[in-house]
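Asks: Here it is, the structure in full.
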Amino acid sequence: MESLPNFPLLSLFDQARLEGGGAKRSSYGKGQLLYLADQVCTTLDVVLSGSISIQSIDAEGNVFKAKVLQAGEVYGATLLFGTHNRYPMQVVCDTPSDILHLKKSVVLQLCEENQQFLLVLLALISDRAHELSRTVSQLTAQSLKESLLGYLQMLSYQQGSATVILPSSKKELADRLGFARTSVSRALRAMEEEGLLSFEGRVVQLHISSKS
């Protein structure tokens with residue numbers, strides 16, 4: 001198997017341990033569907049390169065991206081061992097991507113053999129649960145302004161700075177929030193006029209305190 005990146009989870013075991021048939025490294029093209037909604041989760045996936053998104057499409061063809069995963073991030077950790085182990089939304093490659101798929105049996109063995117691996121995996125699951133609760137709060141907000149502000153404050157908390165670097169374009173941001181791109185642009189301009197923030201390109205400077 002080709003050498004793996006030195007990501008936190010992957011750095012905790014010998015690469016030779018992955019070459020016994022329980023791991024598979026696959027390459028995917030942009031727009032390629034990885035999983036359908038309601039498909040059973042059978043592997044823990046590590047994004048080695050590129051980016052993938054967890055998304056849904058409504059009856060009018062509008063895309064909502066609940067989560068975008070970049071290189072080094074993991075998907076399936078909260079599903080693999082659960083009673084309800086089906087993907088809630090479809091998973092699609094946003095860019096050409098390399099994914100490492102680890103079978104459930106391999107993950108179990110790694111947890112048994114390496115306590116640090118288990119601790120890192122549990123931390124990933126806990127962080128994802130915390131992020132999900134914040135996302136739900138965003139989605140139940142009463143307005144685009146509140147949704148956008150909540151998302152920017154979450155990024156500020158994650159990045160540890162009032163200067164936020166958006167992980168994607170305004171179109172991608174709109175997809176994540178479930179609004180039209182033009183609406184998001186208008187909301188950002190209105191918030192800038194109110195003195196809540198200033199922005200240039202993908203750099204947003206918040207003028208309010210971030211949520212803890």
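Asks: Looking at region 125-149 only, could you name the residues that are at pLDDT 80 or above, farther than 22 Å from S168 by Cα and of a type in the set (A, V, I, L, M)?
Replies: The one that is at pLDDT 80 or above, farther than 22 Å from S168 by Cα and of a type in the set (A, V, I, L, M): I125.
Asks: Would you check if there is a residue in region 175-191 being outside the structural domain of V68 (by TED's automatic domain parsing), over 28 Å from G61 (Cα atoms) and in contact (Cβ under 8 Å) with a residue 24 or more places away in the chain?
Replies: Narrowing region 175-191 to residues outside the structural domain of V68 (by TED's automatic domain parsing): 175-191.
Remaining after also requiring over 28 Å from G61 (Cα atoms): 191.
Okay, now just the ones that are also in contact (Cβ under 8 Å) with a residue 24 or more places away in the chain, so 191.
Scanning region 175-191 turns up at least one residue that is outside the structural domain of V68 (by TED's automatic domain parsing), over 28 Å from G61 (Cα atoms) and in contact (Cβ under 8 Å) with a residue 24 or more places away in the chain.
Asks: Within region 156-172, can you find the residues that are assigned to a helix (DSSP H, G or I) and in contact (Cβ under 8 Å) with a residue 24 or more places away in the chain?
Replies: From region 156-172, those assigned to a helix (DSSP H, G or I) are 156-159, 170-172; that's our starting set.
If the condition is that a residue be assigned to a helix (DSSP H, G or I) and in contact (Cβ under 8 Å) with a residue 24 or more places away in the chain, then S156, Y157, E172 are the ones that fit.
The values are calculated or read from the model by the stated rules, or taken from the named source; none is laboratory data. In this text the structure is predicted, and so the values were computed from the model without any measurement. In this analysis, Cβ positions are derived from the backbone assuming ideal geometry, glycine residues included, and neighbour counts consider all displayed protein chains.
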